[in-house]
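Just below is one structure, and these are the notes that go with it.
The values are calculated or read from the model by the stated rules, or taken from the named source; none is laboratory data. Because the structure is predicted, anything quoted here is derived from the model rather than measured. Cβ coordinates were reconstructed from backbone atoms using ideal geometry, including for glycine residues, and neighbour counts include every protein chain displayed.
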Amino acid sequence: MRKEKTTAGIEAIAQWLQARVNGEEFRNFLGETLEKLCLINTIPQEDLQQTTRQEDSTFEIIRDIISCYGLKGRFEKKPISSRILFNPAYTLPPYGHGAGVYQGRYNLLFFWDSPQRVAGGRNIALNAHIDTVSPFLDVSRKGDTIHGRGSCDDKSGCLVIAAALRLLSEIKLKYGVVPGGDLTCMFVIDEENGGNGSLSLALDKELRKRYDRMVVLECCDQQIAPANRGALWYKIEIPVKGTPRPIVLALDIIRELEREGVRIKLESDHPLFPQRPVQTSHGIFGPFGEYPSRINGYLELILKSGLTYTGLTRLIKKGLKEYIEIYGDKSRVIDPFTGKARVPKHYQLEQQEKGFLLKIWGSSGHMASILENDNAVTKASFIIQAVLKEANDLDLSFPNYRLSDVLVLEGGQGFVPTHSIDQIKARLEKAMLRAHENYWQKEGQGARQPGGTGQPVLSCEKLHNDAFDGDPGSLSVIDAVKCAELAGIRVRKPICGWTASCDARLFAKMNPGMQIITTGPGKLSYAHSDEEQISILELAKSCAMLTLFLLLHSGAELTA
């Protein structure tokens, strides 16, 4: 017998959803599925065949979930278009070069066409990424918490989309209600390296005809963001030949980049970013570090000078004190996950045959969480400059690592829509050259060696994400806030932009005026960190919120 169609109000569905997502069966489904997703290493690697296999395996899990439980639609493996190579937003992948990097790789799309499309109904696109950053973390579960790389950023976002499709299927059976517009789900690759996966989709004019609203799932602590801050990754190459102490120059540049970051922050007065999320962070320093946007958590230096152990220790402590006065003492901050100090100790000095070995610790994580964490490179710049004030003969080297032609620094500068990406790049370059000039004034121009390769070079071929701002009073934001609150999520007011960057900015730039929001479970402070994790309770609430939003905002036929 055919079931009679019924209707219900959004509040009644919200009440049912809260009970459903908090039930043992659904929570187990979320936990077990996220563990499966996080067990797969989706850090893009130079072994492109292995990278493709890992992406395929991840997509297979997502496809199986939707096929078994979700609304019935169709999938498409969408190849990465070669058109991205000619777009200004294209990012050079750090693990390979040329069009061949994406050969055989794709984004997974899921299309659902509404059988009850209503007049004025809105077609909504959903976007989340499967790639993660290094290093890979093993998966574990402790009570309500899933720990592992991607658990927060952003396999949880992929799972929320798939789970929302499952809940919509159950609501269809129970209430006879479905979204009033079409759904386009995008599961993309390469977000962490600059967004080339989403760029390929944003350039697709035929695909664009399917949606007029967009939700990007990211680790937003379940808040609703109509704007994102921007990010520019820098790479500085310091010529070794002709530079007497290249590591000293590198640390001088770090200090000047920090000062310029402060100036940019002071200028960054924007109503959607009252907290001014303008972060300066350094990820790679010679042989130390893993990722430009992952805060550098550890480095080692060999110090040679006429100073004694006692004399060096005194100056190191002086530099550390200056650093702590500005950035805070993270050795006094207890990490809620480990129960230990965020930085167990700042440094260790060991006397060796070839000099003094200086070990410097920080606390790693996403560059946007720099205030909660601690950058070892920045700390080193303060320490070494303090030592140099009394030890002009100081020589620095890396243990067990011989510098080749260049010393490489990589990191990122966050910014808000008060500045363009070109302005930020110009500011970083000027800061670098200013440090270079000051360095030579200290060294003495006579120290310049014939045949030297000249000044350091700054390039920004990797991630270069523009900031964007949307309308905090748009209908998308209004509906999203209502649905979040119905799902039991506390939304902070006033509405602000997200303090990190993501693929939302690609679609915003190519579709001026389109309402785009970024939301999702997970805390940014855990993303890219060694403690990456997420609460299943957060996941469950976000699943309920997104399900409600897809009904309400699409214009589903709901009773008053």
Only residues in the stretch 226-252 that are surrounded by fewer than 23 Cβ atoms within 10 Å (Cβ to Cβ) and among the acidic types (Asp, Glu) count as the first member; pair them with residues that are modelled with pLDDT of 95 or more and in a loop (DSSP other than H, G, I, E, B), Cβ under 8 angstrom, at least 6 apart or cross-chain, and list the lot. 237/456
Please list, ordered by residue number, the helices (runs of 4 or more DSSP H) wholly in the stretch 119-223 having 3 or more residues that are in the same structural domain as residue 50 (by TED's automatic domain parsing), crowded, with 24+ Cβ neighbours inside 10 Å and in contact with a helix residue (DSSP H, G or I) (Cβ under 6 Å, 6 or more places away or on another chain). 155-175, 196-202
Suppose the filter is surrounded by fewer than 21 Cβ atoms within 10 Å (Cβ to Cβ), farther than 26 Å from residue 385 by Cα and among the polar types (S, T, N, Q); does residue 515 pass it? no
Considering only the stretch 120-147, how many residues are over 19 Å from the mean Cα position of the chain (by Cα) and touching a residue at least 12 places away in the same chain (Cβ under 8 Å)? 10
Per the filter on the stretch 262-292, residues small (Gly, Ala, Ser), assigned to a loop (DSSP other than H, G, I, E, B) and within 21 Å of the chain's Cα centre (by Cα) are 268, 289
For the stretch 224-238, give me the residue count where each residue is in a strand (DSSP E or B) and either basic (Lys, Arg) or modelled with pLDDT under 95 (or both). 1
Among (1) in contact with a Pro (Cβ under 9 Å, 6 or more places away or on another chain); (2) within 18 Å of residue 251 (Cβ to Cβ); (3) of a type in the set (S, T, N, Q), which single condition is residue 331 missing? (2)
Find all pairs meeting these conditions: Cβ atoms under 8 angstrom apart; at least six residues apart or on different chains; first residue within the stretch 466-488 and over 24 Å from residue 506 (Cβ atoms); second residue of a type in the set (D, E, K, R) and not in a loop (DSSP other than H, G, I, E, B). 486/11; 487/541; 488/541
Going through the stretch 459-486 in order, the residues found to be of a type outside the set (Phe, Trp, Tyr), assigned to a strand (DSSP E or B) and buried (at least 20 other Cβ atoms within 10 Å of the Cβ) are 464, 465
Going through 80, 66 one at a time, which residue ends up being within 28 Å of residue 410 (Cα to Cα), touching a strand residue (DSSP E or B) at 6+ places or on another chain (Cβ under 7 Å) and either modelled with pLDDT under 95 or not hydroxyl-bearing (Ser, Thr, Tyr) (or both)? 80
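Every residue, every condition in (1) among the hydrophobic types (A, V, I, L, M, F, W, C); (2) within 25 Å of residue 91 (Cα to Cα); (3) in contact with a Gly (Cβ under 6 Å, 6 or more places away or on another chain), yes or no:
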residue	(1), (2), (3)
489	yes, no, no
493	no, no, no
510	yes, yes, no
538	no, no, no
When only residues in the stretch 72-98 that are of a type in the set (A, V, I, L, M, F, W, C) and in contact with a Lys or Arg (Cβ under 7 Å, 6 or more places away or on another chain) count, which is surrounded by the most Cβ atoms within 10 Å (Cβ to Cβ)? 80
Within the stretch 12-44, considering residues that are surrounded by 22 or more Cβ atoms within 10 Å (Cβ to Cβ) and in contact with a strand residue (DSSP E or B) (Cβ under 8 Å, 6 or more places away or on another chain), the one nearest to residue 539 (Cα to Cα): 34
Filter result for the condition that a residue is part of a loop (DSSP other than H, G, I, E, B), in contact with a Lys or Arg (Cβ under 9 Å, 6 or more places away or on another chain), surrounded by fewer than 24 Cβ atoms within 10 Å (Cβ to Cβ) and at pLDDT 95 or above, over 495, 489: 489
Residue 66: surrounded by 20 or more Cβ atoms within 10 Å (Cβ to Cβ), assigned to a helix (DSSP H, G or I) and of a type in the set (A, V, I, L, M), yes or no? yes
Candidate set from the stretch 498-531 (those that are among the hydroxyl-bearing types (Ser, Thr, Tyr) and assigned to a helix (DSSP H, G or I)); member that is farthest from residue 225 (Cα to Cα): 526
Please determine whether any residue of the stretch 313-321 is out of contact with any Lys or Arg (no Cβ under 7 Å at 6 or more places or on another chain), among the β-branched types (Val, Ile, Thr), assigned by TED's automatic domain parsing to the domain that holds residue 285 and surrounded by 14 or more Cβ atoms within 10 Å (Cβ to Cβ). yes
Tell me which residues, restricted to the stretch 254-293, are touching a His at 6+ places or on another chain (Cβ under 7 Å), at pLDDT 95 or above and closer than 20 Å to residue 379 by Cα. 254
Which of the numbered conditions does residue 89 fail, given that it passes all the others? Conditions: (1) in contact with a Gly (Cβ under 8 Å, 6 or more places away or on another chain); (2) within 19 Å of residue 550 (Cβ to Cβ). (2)
Just wondering, is there one or more residues in the stretch 442-454 that are buried (at least 20 other Cβ atoms within 10 Å of the Cβ) and either within 30 Å of residue 384 (Cβ to Cβ) or not small (Gly, Ala, Ser) (or both)? no
Kindly indicate whether any position in the stretch 540-550 is part of a loop (DSSP other than H, G, I, E, B), farther than 30 Å from residue 94 by Cβ and assigned by TED's automatic domain parsing to the domain that holds residue 161. no
